[in-house]
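The values are calculated or read from the model by the stated rules, or taken from the named source; none is laboratory data. Keep in mind that this is a model prediction, so the values were computed, not measured. Note that each Cβ is placed from the backbone with ideal geometry, even for glycine, and that neighbours are counted across all protein chains shown. Just so you know, the surface numbers come from the protein's heavy atoms only, side chains and all, with ligands and any DNA or RNA stripped out. Shrake-Rupley method; radii C 1.70, N 1.55, O 1.52, S 1.80 Å.
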Amino acid sequence: MTPKWYPDGIEVKALCLVEHEGRWLMQEFFHPETQERYVRFLGGAVDKGEYAEEAIIREFREEIGATLVG
């Protein structure tokens, strides 16, 4: 894995696209300011000092309680 680096003020995101038999795993969210619901692939911010792969594993655990294997 290549270490990631980014300057202050830039937020790096990592998203994971999961497809199984033509269906995509996505999560529904609610935007409190606009009162709208939306869906997106799972993932989130990559913390400083963290690899994108580590961020995906952490986000899956935080967002849906899933442990990624393999």
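Evaluating 6.51 cos²θ - 1.76 cosθ + 1.60 at θ = phi - 60° for every residue in region 50-61, the Karplus couplings come out as 10, 7, 4, 4, 5, 5, 4, 4, 5, 5, 4, 5 Hz, glycine and proline recorded as x. Here the spin labels are modelled as points 7 Å beyond Cα on the Cα-Cβ line, and at Tyr38 and Ala66 they lie 2.1 nm apart. Of Arg61, Arg37, the order by accessible heavy-atom surface (1.4 Å probe, DNA, RNA and ligands excluded), from most exposed downward, is Arg37, Arg61. All Cα-Cα separations within the chain were binned at 10 Å from zero, giving a P(r) of 18, 43, 32, 7, 0, each value a whole percent of the pairs.
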